[in-house]
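Colleague: Dumping the structure here so I can ask a few things about it.
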Amino acid sequence: MTFKSLLLGSAAALATVSGARAADAVVYEPEPVEYVKVCDAYGAGFFYIPGTETCLSINGYVYFQVGGTSDRDGGLAITDTPGYHGFGYGGYNVATRGRLNIDARSDTEWGTLRSFVRLEGTWGTNADGNVALNQAYLELGGLRMGYTESAWVESMNAGVAVLGSHSDSGLYFANQLRHQVNYTFSANGFAATLSLEHDEGPAATDWVPDVVGVLSYNAGWGGAWAKVAYDNDDLILPGRQGGWSAQLGMQVNIPNMNGSSLRLLGFYADTPNAYAVGSEWSVLASYNHVFTDTFSASVGFQYFNDTNYALAGSPDAWAAELSTVWTPVQNFEVRTESVYTKADGLSGSLSSFVRFTRYF
């Protein structure tokens, strides 16, 4: 027997033994994995929570902003109209913000059941960076309960009947968050909302809530709306007391110019209440033009008559804005905004910022 024959025989014997052991081995089958499934019932970004019929969306943004305002005339604040963005004087202001939205929805026999939570923190020149619960509310069909934008600002199925001008800041439209219970009925482009809202701070020390009513219509050409609000303040505060406010508005979408539109809003208030915009009446006009798929710009103007609500010597005021939005790549935005404000008898103020935002 040669050495080569001995090696071949040994290899054959080992193969036979290994094959026998392999035949006797227990093979464990991997358990099936339940992959996350896309939920397209509520738009892009939703997925099913494994093992449930609930759809979940997690989104938000991070932005970095640099801004500033014109210095005080002669160093005296009393001679200047306040800057719009609230920036500090004497140098540039910085801000970094993170926002996280968690949105859960499911279908029921009573309509969509929804819960929404927003976490937000801002660091910068005038911000401490603490992360806080910014909004939290639930919905069932047309019923909404919780803490979010007042129905004066935004309501269910309102379409274009929300906010102020086209810019991110929106000029002056009494933007505010409220604890609220409201109901919205919607059909064929129409939406009607009745909202009971809780006052904030010292003005909340009574038993009667504020009331907001919204009626809106939306179609392909744009939309129109009417809003009325009553601020019930038994405790009269400096610069604040109960009263009525009203708003009329419309948006016209420019034909053959996708995304371009004109907005017109009118405001009235009989007192400096929570839903007033700083004067007895005010008109706002805003136009947004989409130049390309990645660039748009808007201009806005707002006039204020009788800022002291019919008191003697009441000055008028006005504000003008220019905003641009550039989206060089998907989910990344470069936004600029400049607002000039001027009241009778005071010097004007210019406030501007540039902001870089990554959405997810």
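Please treat every number below as a calculation from the coordinates, not as lab data. Remember, predicted model here, so these are calculated numbers, not experimental data. Please note: Cβ atoms are built from the backbone with ideal geometry, for glycine as well, and neighbour counts cover all protein chains shown.
Colleague: Farthest toward the dipole's positive end in region 87-152, which of THR108, ALA136, THR96, given Cβ charges of +1 (Lys, Arg) and -1 (Asp, Glu) about the Cα centre?
Modeller: THR96
Colleague: Pop a pseudo-label 7 angstrom from the Cα along the beta-carbon direction at both PHE64 and TRP123 and give the gap in nm to one decimal.
Modeller: 1.1
Colleague: Then there's this: Treating only the Cβ atoms of Lys and Arg (+1) and Asp and Glu (-1) as charged, compute the dipole magnitude of region 218-309 about its Cα centre; round to the nearest 20 debye.
Modeller: Values: 3 positive and 7 negative charges, 63 e Å.
Computed charge dipole of region 218-309: roughly 300 debye.
Colleague: Is the shape of region 309-358 rounded, prolate or oblate, going by the alpha carbon gyration tensor and its root eigenvalues a ≥ b ≥ c, with a/c under 1.5 for rounded and a/b larger than b/c for prolate?
Modeller: prolate
Colleague: Quick check: from the Cα gyration tensor, does region 134-271 come out rounded (a/c under 1.5), prolate or oblate?
Modeller: prolate
Colleague: If you place +1 on the Cβ of every Lys and Arg and -1 on the Cβ of every Asp and Glu, how big does the dipole about the Cα centre of region 141-287 come out, in debye to the nearest 20?
Modeller: 580
Colleague: Sorted by average packing, counted as other Cβ atoms within 10 angstrom per residue and highest first, what order do 126-132, 166-172, 291-297, 316-322 take? Before the final figure, lay out the partial values.
Modeller: On the way: 126-132: 10.9, 166-172: 21.4, 291-297: 13.0, 316-322: 19.4.
For the peptides 126-132, 166-172, 291-297, 316-322, the packing ranking is 166-172, 316-322, 291-297, 126-132.
Colleague: Kindly write out, for region 61-71 in residue order, the coupling ³J(HN,Hα) from the Karplus curve 6.51 cos²θ - 1.76 cosθ + 1.60 (θ = phi - 60°), rounded to whole Hz, with x marking Gly and Pro.
Modeller: Going residue by residue, I get 7, 10, 10, 10, 9, 10, x, x, 9, 5, 5 Hz, with x marking Gly and Pro.
Colleague: How many nm separate the modelled label positions at VAL283 and LEU143, each set 7 Å beyond the Cα in the direction of the Cβ?
Modeller: Taking the two extended label points, one gets 4.3 nm.
Colleague: Right, next: Grab the Cα-Cα distance for ILE254 and ALA41, subtract it from 0.36 nm times how many residues apart they are, and report the gain in nm with one decimal. Working shown, then result.
Modeller: Numbers: separation 213, 0.36 × 213 = 76.68 nm, distance 2.97 nm.
Working it through step by step, the gained length comes to 73.7 nm.
Colleague: Same structure, new question: If each residue of separation counts as 0.36 nm, what is the full-extension length gain between THR96 and SER314 once their alpha-carbon separation is subtracted?
Modeller: On the way: separation 218, 0.36 × 218 = 78.48 nm, distance 3.82 nm.
Stretched fully, the THR96-SER314 segment lengthens by 74.7 nm.
Colleague: Dipole magnitude of region 90-169 about its Cα centre, charges +1 at Lys/Arg Cβ and -1 at Asp/Glu Cβ only, in debye to the nearest 20? Show your work: numbers first, answer last.
Modeller: Working: 6 positive and 9 negative charges, 24 e Å.
About 120 debye.
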